[in-house]
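The next block holds one structure in the form of structure tokens; read it before the comments.
Rule-based calculations on the coordinates, nothing more; no lab input. Predicted, not measured: the structure shown is a model, and the values here were computed from it. Positions of Cβ are generated from backbone atoms using ideal geometry, with glycine treated the same way; all protein chains shown enter the neighbour counts.
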Amino acid sequence: MEPDDALQRAIATISQSDPLIKLIQQVTMGRMKPEDVGLRAIVEAWFGTYRKVLGTAGLTKAAVRRLDPSPRVAVLAAAGIVSATQPSVESLHAAYSKALECAPLD
């Protein structure tokens with residue numbers, strides 16, 4: 001698989017289950033509470049998908065950098081849905097660091 005193909009597939013997979021687009025608006029409008037069990041389940045599932053995608057073979061360091069979860073996690077944290085110290089957030093950041101460390105040069 002070509003590096004660009006791996007990156008595009010990774011982005012597509014992450015995007016399919018991305019909670020930001022559909023759910024942040026619900027929280028900001030007050031239709032859902034940040035501590036809603038269903039919302040937490042969706043976010044946790046998305047984190048799991050994200051961790052799995054970071055392990056995709058064929059991703060270069062540049063590709064992994066493009067998959068940095070920090071901006072998305074920051075939006076979730078700003079909405080009160082996650083905290084930086086929660087285990088799943090720390091696990092996602094650890095998976096990102098490992099993927100970046102193990103990825104071949106560009």
Practice item. May I ask you to list the trypsin sites (Lys or Arg not before Pro) in the stretch 4-97 that are in a DSSP loop and have at most 16 other Cβ atoms within 10 Å of their Cβ? Key: Arg31
Study note, to complete from the structure: With DSSP loop assignment and no more than 11 other C-beta atoms within 10 Å, the GluC sites (Glu not before Pro) in the stretch 20-106 are Glu35
Revision key, fill the gap. Label model pair Thr85, Ala62: point-to-point distance (7 angstrom along the Cα→beta-carbon line) in nm is 3.9 nm
Practice item. With everything on Cα atoms, drop me the angle between helix 37-54 and the longest principal axis of the chain, reported from 0 to 90° to the nearest 10. Key: 10 degrees
Exercise for review: Cross-chain or 8 or more residues apart, Cα under 17 Å: how many lysine pairs in the stretch 3-102 fit that? Count them up, please.
Suggested key: 4
Revision key, fill the gap. Reviewing [x] 89, 76, 19; [y] 38, 29, 23; [z] 44, 25, 18, the figure for Cα extents along the principal axes in Å actually calculated from this model sits under [z]
**Study point:** Positive-end extreme of charge dipole, the chain - chosen from Gln26, Gln16, Ala84 (charges on Cβ)
**Key:** Gln26
Check your understanding: So what is the calculated 222 nm ellipticity per residue for the chain, using -39500 (n - 2.57) for each DSSP H run with n of 4 or more, over all residues, to the nearest 500 deg cm²/dmol?
Key -> -19000 deg cm²/dmol
Point to revise | Under 12 Å from the Asp106 label point (7 Å along Cα→beta-carbon), backbone N, the stretch 43-62 | key: 60-62
Practice item. For the chain, calculate the relative contact order in percent as a whole number, restricting contacts to Cα pairs under 8 Å that are 6 or more residues apart. Key: 35 percent
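So how do Asp106, Asp36 line up by other beta-carbon neighbours within 10 Å, fewest first?
Listed from fewest to most nearby Cβ atoms, that is Asp106, Asp36.
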